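K.L.:
Sending over a structure as structure tokens; questions will come in a sec.
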Amino acid sequence: MIVLVGLNHKTASIAVREKIFAGCQEEKDVLARLRSLNGVGEVLHLSTCNRVEIIASVEDHGKAVKDLRDFMAATGGLTEAQAADCFYEYRDEEAVRHIFRVASSLDSMVMGETQILGQVKDAYRRALAQYATGVVLNRLMHCSFRAAKRVRTETAIAVNPVSVSYAAVELAKKIFGSLNGKKILLIGAGEMAELTGMHLVSNGAEGVIVANRTLAQAELLAEKFHGEAASLDALDKKLIEVDIVISSTGAPDFIVTADMLKKIHHQRKNRLLFLVDIAMPRDIEPAASSLENVYLYNIDDLQDIVDENMNVRKKEAIRAEMIVEEEVARYVNWQKELESVPTIISLRGKTEEIVKAEMERAAGWIRSFNKEDQEKIENLVNSIVNKVLHSPVAVLKEESSEFNSRDIVAAVRRLFRLDG
Amino acid sequence: MTLINLEMILFKISFIFCAVSTAGYLLSLLVKKIKLAKISTWILSAAFGFLTLNLLLTVINFSGLVNLGSRNILSLCAWSASGVYLALQFKTKTRTLGAFISPFIFLFMIAAAGQDAGKTLLPANLQTWLTAVHMLLTITGEALFILASCAGAMFIIQDGLLKSKKLNKMSRLLPSLSDLDRINHICLLWGFPVLSVGVLAGMIFAEFSWQAGWLTDPKIIWTFAGWIIYGSLLHQRLAIGWRGYRMALVSCAAFILLLLSYGSVRFCFSTLHNFI
């Protein structure tokens, strides 16, 4: 039986999540302690900034859930009332569905984000290293990775960016193709501009110039990018060199005007220029957009793209949920089959024992035959036993994949007296 | 099976492949799936392969390029355009360009299919290696210009989408502006010298065999006009530094102008090139 106990950004405030996250970080042997809980067999502990979850294979649902909740509450130092509000718990099929949705990023704060799968894989790797998982959770995690991979490849859930800075990177790629060797000019030393600059650099852009009203601040940010600092007076000269401009100053007037760009157009040899204006009020004159080979996007334009992409993700999420359901059904079938496996093994073991005992009893008269005939008799006996067992084993497998096999497993165990 | 039969079969197979790839490319634009364009590129590559075999067999059959039939000339145009496009794919991977160039390739194939297979195109006095060089290079040069113009047309569409702040499926499907500008540049850079040598070969031949009067031939005037237009485009790009939107616009305008003037010359005037 599988249980999942946890909390996430939807059920717990950041303060509570922080406490539990920090508690788990401090606790070096979380997995060992969880395994020492009575009735907990296999266990996996997932801890990210948005969620903390424990997935376990247990003998008794009720007791295990209570123990796991208490463990988490104690780790984060939560009161019983706090714990009651923020923890959720899932059992069997629901737990499987939840972990598949988590790995596929359907339960993330930003649906379709790619980081979560890596975090789930890391958690599994840690559990594997400490031998905390077995047949049930190993299969569960591999199936969750397959579900996540299918969601990623068969739907467009993670295709379009849903953050302003990534939208700017995508636009830059639509203009320049590859960003390798492209020069960036950051006007103003705002956080948003810095983040967008970082994304552009990580996508291949080289050479960052930071222009700011106060040169000292420009130098500070330029140092982070190993770039160069410039004052706003040198802006028109710097505009000649660069391909991408990100502006985010707090200036009340336009800093980059259409006239300014028109004048340097020839010096720029008509190269394509991508302007991102994320300042409020705007830094770049909107008329610049009508200039040839100049592409201007302000914060609203970028937000519109993000909103549109978010809608696409929501539509794709419907298809993703269907994929998750298919994978859940596959896993649950396997799990049901697993319930009948010990019975099938016991059944075969018992018949083998009977055959062995009877063959030993008949050893006296069997020895009167030659070697070849002795083998024929042995083969005949084994063949009869296999034929007799074929139907019950096949039915056990079939029934267990169709519905809950407990009744039929119990019947077989009783009929063949497998429990002694 | 005779060589002529085999040649016909190869032509038919390449015709079908060409039709399927054109449909695939157009469908990829319609449903906005790049995978379809990729598959179409493979189909067009197969069409190109069969057409290459077809043309090789023709050359063997007729012992050289100098007396090809009118169908072969038109399929040579299709072969040249698809060859240039596929070669560019190795460099730029801009599959959707195929949606713009493949209809032209298919039109050449339709025109070729409508021609009499056995008919020899060139009069006996024009069947020289110089006319073969002239024909091959001018066709390749024109194919490169068609491609430059297609890239220009795609640039204009992508520019319009980006200027109107629409990062939609179509915009995502089309190549980046830089890639399209690069294709335009490469095609002009290669197309102009290839066309120049082709025209020069034609001029040398005309000077020696027709001697006088050929300079005022409408088709030759049209070719010169095309040569000068593309030459000036290349000049503007290399010397003046035109690029991006303006270059794309002028390339398209030049192509439409030349297409219209070719049509009027072909159907309204009697020229020394009446056999084409």
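K.L.:
Could you work out how far apart the two model spin labels at A:Thr114 and B:Trp42 are, taking each label as a point 7 Å from the Cα in the direction of the beta carbon, and quote it in nm?
P.N.:
2.5 nm
K.L.:
Continuing with the same structure: Label B:Ala19 and A:Glu59 with points 7 Å out from Cα along Cα→Cβ: what is the distance between them in nm?
P.N.:
Distance between label points: 7.3 nm.
K.L.:
How would the stretch A:104-232 be classified by its alpha-carbon gyration tensor: rounded, prolate or oblate, with rounded meaning a/c under 1.5 and the a/b versus b/c comparison settling the rest?
P.N.:
Since a/c reaches 1.5 and a/b is larger than b/c, the shape of the stretch A:104-232 is classed as prolate.
K.L.:
Separate question: Place a point 7 Å from Cα of B:Ile110 in the direction of its Cβ. Which residues in the stretch B:19-54 have their backbone N less than 15 Å from it?
P.N.:
B:19-24, B:26
K.L.:
Using every pair of alpha-carbon atoms in the stretch A:307-373, split the distances into 10 Å bins beginning at 0 and state the percent of pairs per bin, rounded to integers.
P.N.:
The percentages, shortest bin first, are 16, 18, 16, 14, 12, 10, 7, 5, 2.
K.L.:
Here is a further query. Only residues of the stretch A:124-149 count here: report those whose backbone N is under 18 Å from the spot 7 Å along Cα→Cβ of A:Arg330, or say none.
P.N.:
A:136-149
K.L.:
Still on this structure, I have one more. Taking R0 as 51 Å, what's the FRET efficiency between B:Ser261 and A:Arg213 from their Cβ-Cβ distance, rounded to 0.05?
P.N.:
0.35
K.L.:
If you average the alpha carbon positions of the stretch A:317-373 and of the stretch A:189-248, how far apart do those two centres end up, in angstrom?
P.N.:
Comparing the Cα centres of the stretch A:317-373 and the stretch A:189-248, I get a distance of 68 Å.
K.L.:
Taking square-rooted eigenvalues a ≥ b ≥ c of the alpha carbon gyration tensor, is the stretch A:307-420 rounded, prolate or oblate, where a/c under 1.5 means rounded and, failing that, a/b exceeding b/c means prolate?
P.N.:
In terms of gyration-tensor shape, prolate.
K.L.:
With each pseudo-label sitting 7 Å past Cα toward Cβ, what's the A:Lys269-A:Cys49 distance in nm, one decimal?
P.N.:
Between A:Lys269 and A:Cys49, the simple spin-label model gives 4.2 nm.
K.L.:
Would you kindly derive the ³J(HN,Hα) couplings of the stretch A:175-188 from the backbone phi angles with the Karplus curve 6.51 cos²θ - 1.76 cosθ + 1.60 (θ = phi - 60°), listing them in order in whole Hz, with x for Gly and Pro?
P.N.:
These are the phi-based 3J(HN,Hα) values: 8, 9, x, 8, 8, 4, x, 7, 9, 10, 10, 9, 9, x Hz.
K.L.:
Next question. Cα axis of helix A:371-402 to longest principal axis of chain A: angle in degrees, 0 to 90, nearest 10?
P.N.:
50 degrees
K.L.:
Given a Förster distance of 51 angstrom, what is the FRET efficiency for A:Gln25 paired with B:Ile157, based on the Cβ-Cβ distance and rounded to 0.05?
P.N.:
0.45
K.L.:
Here's something else I'd like to know. Any idea what angle helix A:191-202 forms with the longest principal axis of chain A, computed on alpha-carbon atoms, 0 to 90 degrees, nearest 10?
P.N.:
In chain A, helix A:191-202 runs at an angle near 70 degrees to the longest axis.
K.L.:
Assign one of three labels to the protein assembly as shown, namely rounded, prolate or oblate, based on the Cα gyration tensor with a ≥ b ≥ c the square roots of its eigenvalues; rounded applies when a/c is under 1.5, prolate when it is not and a/b is larger than b/c, and oblate otherwise.
P.N.:
Here the protein assembly as shown falls in the oblate category.
K.L.:
Then there's this: Where does helix A:92-103 land angle-wise versus the long Cα axis of chain A, in degrees 0 to 90, nearest 10?
P.N.:
Rounded to the nearest ten degrees, it is 30.
K.L.:
So if we plug the beta-carbon distance of A:Asn386 and B:Asn61 into 1/(1 + (r/R0)^6) with R0 = 60 Å, what FRET efficiency do we get, rounded to 0.05?
P.N.:
Efficiency, rounded to the nearest 0.05: 0.30.
K.L.:
Moving to a separate point now. When only Cα pairs under 8 Å and 6 or more residues apart are kept, what is the percent relative contact order across chain A?
P.N.:
12 percent
K.L.:
Now a separate question. Taking only the alpha carbons of chain B, what extent do you get along each of the three principal axes, in Å, biggest first?
P.N.:
The Cα atoms of chain B stretch 59, 50, 31 Å along their principal axes.
None of the figures in this text is laboratory data; all of them are computed from the coordinates on show. Being a predicted model, the structure only gives us computed values, none of them experimental. Positions of Cβ are generated from backbone atoms using ideal geometry, with glycine treated the same way; all protein chains shown enter the neighbour counts.
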